[in-house]
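K.L.:
Can you read through this structure? Questions will come right after.
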Amino acid sequence: LIEINSVENLIIEKIPFNSLKDYEVILKLINNSKINCYINYPRRLLEIYILLKKDIIKKKYVKFKVCGYKWGLASNIFHFLDLFVFLTGNKKLFLKNNFLNKIYKSKRKNFYEINGGLEFISQENNLLECIDDKIYENPFILIETNDMIYFVDEINNKLIKYSYSNNKIQKMNLNILYKGLTNLYLDKIILNEDLTLSTLHESKDNEKLL
(Lines give C-alpha, C1' and ligand atoms only; values in the text may rest on other atoms or scores of the structure.)
Protein backbone atom coordinates (compact mmCIF):
# COMPACT_ATOMS: atom_id res chain seq x y z
CA LEU A 1 0.00 0.00 0.00
CA ILE A 2 2.69 2.51 1.02
CA GLU A 3 4.94 1.58 -1.88
CA ILE A 4 2.34 2.34 -4.56
CA ASN A 5 0.35 5.16 -2.91
CA SER A 6 0.99 8.45 -1.20
CA VAL A 7 -0.34 7.82 2.31
CA GLU A 8 -0.65 10.53 4.97
CA ASN A 9 -3.19 8.96 7.35
CA LEU A 10 -3.86 5.31 8.05
CA ILE A 11 -6.53 3.80 10.35
CA ILE A 12 -6.12 0.10 11.09
CA GLU A 13 -8.12 -2.42 13.09
CA LYS A 14 -7.06 -4.04 16.35
CA ILE A 15 -5.08 -6.22 16.89
CA PRO A 16 -2.81 -4.71 14.24
CA PHE A 17 0.00 -7.31 14.29
CA ASN A 18 0.60 -10.83 15.54
CA SER A 19 4.10 -10.35 16.91
CA LEU A 20 6.30 -7.72 18.57
CA LYS A 21 8.73 -8.03 15.67
CA ASP A 22 5.97 -7.01 13.25
CA TYR A 23 5.28 -3.97 15.42
CA GLU A 24 8.88 -2.82 15.22
CA VAL A 25 9.11 -3.33 11.46
CA ILE A 26 5.86 -1.46 10.75
CA LEU A 27 6.60 1.32 13.22
CA LYS A 28 9.92 1.94 11.51
CA LEU A 29 8.23 1.99 8.10
CA ILE A 30 5.55 4.42 9.32
CA ASN A 31 8.12 6.71 10.92
CA ASN A 32 10.27 6.77 7.80
CA SER A 33 7.21 7.47 5.63
CA LYS A 34 5.87 10.14 8.04
CA ILE A 35 2.44 8.54 8.19
CA ASN A 36 -0.14 9.28 10.88
CA CYS A 37 -1.22 5.77 11.88
CA TYR A 38 -4.21 5.24 14.19
CA ILE A 39 -5.98 2.24 15.74
CA ASN A 40 -9.75 2.08 15.29
CA TYR A 41 -10.95 2.31 18.90
CA PRO A 42 -14.13 4.28 18.17
CA ARG A 43 -15.35 4.86 21.74
CA ARG A 44 -12.95 7.80 21.95
CA LEU A 45 -15.17 9.66 19.48
CA LEU A 46 -18.49 8.96 21.22
CA GLU A 47 -20.00 11.93 23.03
CA ILE A 48 -20.76 10.00 26.23
CA TYR A 49 -17.11 9.05 26.75
CA ILE A 50 -15.86 12.52 25.82
CA LEU A 51 -18.13 13.92 28.57
CA LEU A 52 -17.14 11.23 31.08
CA LYS A 53 -13.48 11.94 30.42
CA LYS A 54 -13.94 15.54 31.61
CA ASP A 55 -15.13 14.17 34.97
CA ILE A 56 -12.97 11.11 35.41
CA ILE A 57 -9.59 12.51 34.39
CA LYS A 58 -9.74 14.82 37.45
CA LYS A 59 -10.35 12.00 39.95
CA LYS A 60 -7.75 10.86 42.46
CA TYR A 61 -8.83 7.22 42.25
CA VAL A 62 -10.51 5.20 39.49
CA LYS A 63 -11.66 1.60 39.46
CA PHE A 64 -12.96 0.62 36.04
CA LYS A 65 -14.81 -2.68 35.54
CA VAL A 66 -16.16 -4.29 32.38
CA CYS A 67 -18.47 -7.21 33.16
CA GLY A 68 -20.64 -9.51 31.08
CA TYR A 69 -21.08 -13.03 29.80
CA LYS A 70 -19.77 -14.14 26.41
CA TRP A 71 -19.02 -10.56 25.43
CA GLY A 72 -15.78 -11.42 23.67
CA LEU A 73 -13.16 -10.94 26.38
CA ALA A 74 -10.28 -12.22 24.26
CA SER A 75 -11.10 -10.14 21.19
CA ASN A 76 -12.67 -7.01 22.71
CA ILE A 77 -10.53 -6.38 25.79
CA PHE A 78 -8.26 -4.07 23.76
CA HIS A 79 -11.16 -1.65 23.29
CA PHE A 80 -11.51 -1.31 27.05
CA LEU A 81 -7.80 -1.05 27.71
CA ASP A 82 -7.85 1.89 25.32
CA LEU A 83 -11.00 3.38 26.86
CA PHE A 84 -9.43 3.21 30.32
CA VAL A 85 -6.35 5.05 29.02
CA PHE A 86 -8.56 7.64 27.30
CA LEU A 87 -10.77 8.35 30.34
CA THR A 88 -8.07 8.41 33.00
CA GLY A 89 -5.09 9.75 31.10
CA ASN A 90 -3.06 6.86 32.58
CA LYS A 91 -0.83 5.73 29.74
CA LYS A 92 1.08 2.84 31.33
CA LEU A 93 -0.63 -0.30 32.65
CA PHE A 94 0.63 -3.53 34.17
CA LEU A 95 -1.06 -6.92 34.50
CA LYS A 96 -1.94 -7.40 38.16
CA ASN A 97 -4.05 -10.58 38.26
CA ASN A 98 -4.88 -13.29 35.75
CA PHE A 99 -7.94 -15.40 36.53
CA LEU A 100 -8.74 -16.58 33.03
CA ASN A 101 -10.58 -19.86 33.06
CA LYS A 102 -12.21 -21.78 30.23
CA ILE A 103 -11.78 -21.51 26.46
CA TYR A 104 -14.99 -21.86 24.47
CA LYS A 105 -16.08 -21.62 20.82
CA SER A 106 -16.95 -18.15 19.63
CA LYS A 107 -20.10 -17.32 17.64
CA ARG A 108 -17.74 -16.68 14.75
CA LYS A 109 -16.71 -19.80 12.89
CA ASN A 110 -13.23 -21.13 13.76
CA PHE A 111 -12.75 -18.54 16.52
CA TYR A 112 -12.46 -19.08 20.26
CA GLU A 113 -13.09 -16.96 23.34
CA ILE A 114 -12.23 -17.30 27.01
CA ASN A 115 -14.02 -16.57 30.26
CA GLY A 116 -12.70 -15.54 33.63
CA GLY A 117 -10.96 -12.22 33.93
CA LEU A 118 -7.90 -10.00 33.94
CA GLU A 119 -6.99 -7.15 36.26
CA PHE A 120 -4.62 -4.32 35.39
CA ILE A 121 -3.10 -1.51 37.43
CA SER A 122 -1.71 1.78 36.17
CA GLN A 123 1.36 3.64 37.37
CA GLU A 124 -1.09 5.96 39.15
CA ASN A 125 -2.60 2.93 41.02
CA ASN A 126 -5.91 3.05 39.19
CA LEU A 127 -7.50 -0.31 38.36
CA LEU A 128 -9.06 -1.92 35.31
CA GLU A 129 -10.85 -5.25 35.61
CA CYS A 130 -12.41 -7.16 32.69
CA ILE A 131 -14.64 -10.12 33.57
CA ASP A 132 -16.52 -12.73 31.55
CA ASP A 133 -18.75 -14.75 33.87
CA LYS A 134 -22.19 -16.35 33.60
CA ILE A 135 -23.40 -14.47 36.70
CA TYR A 136 -23.70 -11.44 34.40
CA GLU A 137 -26.04 -11.01 31.46
CA ASN A 138 -25.66 -7.98 29.21
CA PRO A 139 -22.19 -6.44 29.39
CA PHE A 140 -21.84 -3.18 31.27
CA ILE A 141 -19.17 -0.74 32.42
CA LEU A 142 -18.91 0.27 36.08
CA ILE A 143 -16.57 3.13 36.98
CA GLU A 144 -15.99 3.97 40.62
CA THR A 145 -14.03 7.03 41.73
CA ASN A 146 -13.35 8.63 45.11
CA ASP A 147 -16.70 10.47 44.96
CA MET A 148 -18.80 9.04 42.10
CA ILE A 149 -20.08 5.84 40.50
CA TYR A 150 -20.86 5.67 36.79
CA PHE A 151 -22.83 2.76 35.31
CA VAL A 152 -22.82 2.55 31.51
CA ASP A 153 -25.14 0.15 29.67
CA GLU A 154 -24.31 0.54 25.98
CA ILE A 155 -26.83 -2.07 24.82
CA ASN A 156 -29.78 -0.27 26.41
CA ASN A 157 -28.27 3.20 25.92
CA LYS A 158 -28.36 4.13 29.61
CA LEU A 159 -26.04 5.95 31.99
CA ILE A 160 -26.56 6.10 35.75
CA LYS A 161 -24.46 8.45 37.90
CA TYR A 162 -24.37 8.26 41.69
CA SER A 163 -22.74 10.86 43.93
CA TYR A 164 -21.38 9.79 47.32
CA SER A 165 -21.42 13.36 48.59
CA ASN A 166 -25.18 13.96 48.30
CA ASN A 167 -26.55 10.46 47.57
CA LYS A 168 -27.97 11.83 44.33
CA ILE A 169 -28.77 9.47 41.45
CA GLN A 170 -28.91 10.82 37.91
CA LYS A 171 -30.20 8.75 35.00
CA MET A 172 -29.50 9.62 31.38
CA ASN A 173 -30.47 8.13 28.04
CA LEU A 174 -27.55 7.74 25.67
CA ASN A 175 -27.37 7.77 21.91
CA ILE A 176 -24.50 5.42 21.17
CA LEU A 177 -24.13 5.02 17.43
CA TYR A 178 -21.09 3.44 15.81
CA LYS A 179 -22.47 3.79 12.30
CA GLY A 180 -21.31 6.91 10.53
CA LEU A 181 -18.01 7.16 12.39
CA THR A 182 -16.06 6.56 9.20
CA ASN A 183 -17.46 9.82 7.80
CA LEU A 184 -16.52 11.56 11.04
CA TYR A 185 -12.96 10.25 10.72
CA LEU A 186 -12.76 11.60 7.17
CA ASP A 187 -14.18 14.99 8.13
CA LYS A 188 -11.62 15.41 10.91
CA ILE A 189 -8.75 14.37 8.64
CA ILE A 190 -9.85 16.73 5.83
CA LEU A 191 -10.30 19.62 8.29
CA ASN A 192 -6.96 18.79 9.91
CA GLU A 193 -8.64 18.32 13.30
CA ASP A 194 -7.42 16.10 16.13
CA LEU A 195 -8.71 12.60 15.38
CA THR A 196 -8.42 11.61 19.11
CA LEU A 197 -7.86 7.95 18.18
CA SER A 198 -4.88 6.13 19.68
CA THR A 199 -1.84 6.19 17.48
CA LEU A 200 -0.02 2.96 16.78
CA HIS A 201 2.83 4.22 18.96
CA GLU A 202 0.50 4.94 21.89
CA SER A 203 -1.35 1.62 21.75
CA LYS A 204 1.71 -0.60 21.34
CA ASP A 205 2.67 -0.92 25.02
CA ASN A 206 -0.81 -1.81 26.24
CA GLU A 207 -1.41 -4.31 23.46
CA LYS A 208 1.90 -5.95 24.43
CA LEU A 209 0.34 -6.75 27.83
CA LEU A 210 -1.56 -9.61 26.21
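The values are calculated or read from the model by the stated rules, or taken from the named source; none is laboratory data. Being a predicted model, the structure only gives us computed values, none of them experimental. Because the Cβ atoms are built from the backbone with ideal geometry, glycine has one as well, and the counts that use them run over all protein chains shown. For the accessible areas, the whole protein counts, side chains as well, though only heavy atoms, and no ligand, DNA or RNA atoms are used. Shrake-Rupley method; radii C 1.70, N 1.55, O 1.52, S 1.80 Å.
K.L.:
Specify which residue in the list Leu142, Thr199, Leu128 is farthest towards the positive end of the charge dipole of the chain, using unit charges on the beta carbon of Lys, Arg (+1) and Asp, Glu (-1), about the Cα centre.
P.N.:
Leu142
K.L.:
Can you tell me the length gained on complete extension of the stretch Lys208 to Phe151, counting 0.36 nm per residue apart and subtracting the Cα distance?
P.N.:
Fully extending the segment from Lys208 to Phe151 adds 17.7 nm.
K.L.:
Return, ordered by residue number, the residues of segment 14-39 whose backbone nitrogen is under 16 Å from a label point located 7 Å along Cα→Cβ of Val7.
P.N.:
From segment 14-39, the list is 14-18, 22-39.
K.L.:
With all protein chains present, how much of the accessible area of the chain (probe radius 1.4 Å) comes from carbon and sulfur, to the nearest whole percent?
P.N.:
Numbers: 6410 of 12760 Å².
The computed percentage sits at 50.
K.L.:
Quick one: which residues, 5 or more positions from Ile114 or on another chain, have an amide H under 5 Å from its amide H? H modelled 1.01 Å from N in the peptide plane, none for Pro or chain starts.
P.N.:
Amide H neighbours of Ile114: Leu73, Ala74, Tyr104.
K.L.:
Here's something else I'd like to know. Cα axis of helix 20-33 to longest principal axis of the chain: angle in degrees, 0 to 90, nearest 10?
P.N.:
60
K.L.:
Hey, what's segment 100-210 come to in accessible area per residue, 1.4 Å probe, Å²?
P.N.:
Accessible area per residue: 65 Å².
K.L.:
Once the piece of chain linking Lys92 and Lys60 is laid out straight, how much longer is it, given 0.36 nm per residue of separation minus the C-alpha distance between them?
P.N.:
9.9 nm
K.L.:
Hey, another quick one. Obtain the nm distance between the two label points defined at Lys34 and Asp22 by a simple spin-label model: each point lies 7 Å from its Cα along the Cα-to-C-beta direction.
P.N.:
2.9
K.L.:
May I ask you to list the GluC sites (Glu not before Pro) in segment 49-132 that are in a DSSP loop and have at most 15 other Cβ atoms within 10 Å of their Cβ?
P.N.:
Passing both the DSSP loop test and the Cβ count: Glu124.
K.L.:
Further question on the same structure: Dipole size in debye (nearest 20) for the chain around its Cα centre, Lys and Arg Cβ +1, Asp and Glu Cβ -1? Intermediate results must be reported in sequence, preceding the final value.
P.N.:
On the way: 31 positive and 25 negative charges, 92 e Å.
Roughly 440 debye, rounded to the nearest 20.
K.L.:
Related question: Just the Cα atoms of the chain, one point each, no solvent: what log10 I(q)/I(0) does Debye give at q = 0.12 Å⁻¹?
P.N.:
Evaluating at q = 0.12 Å⁻¹ gives log10 I(q)/I(0) of -0.70.
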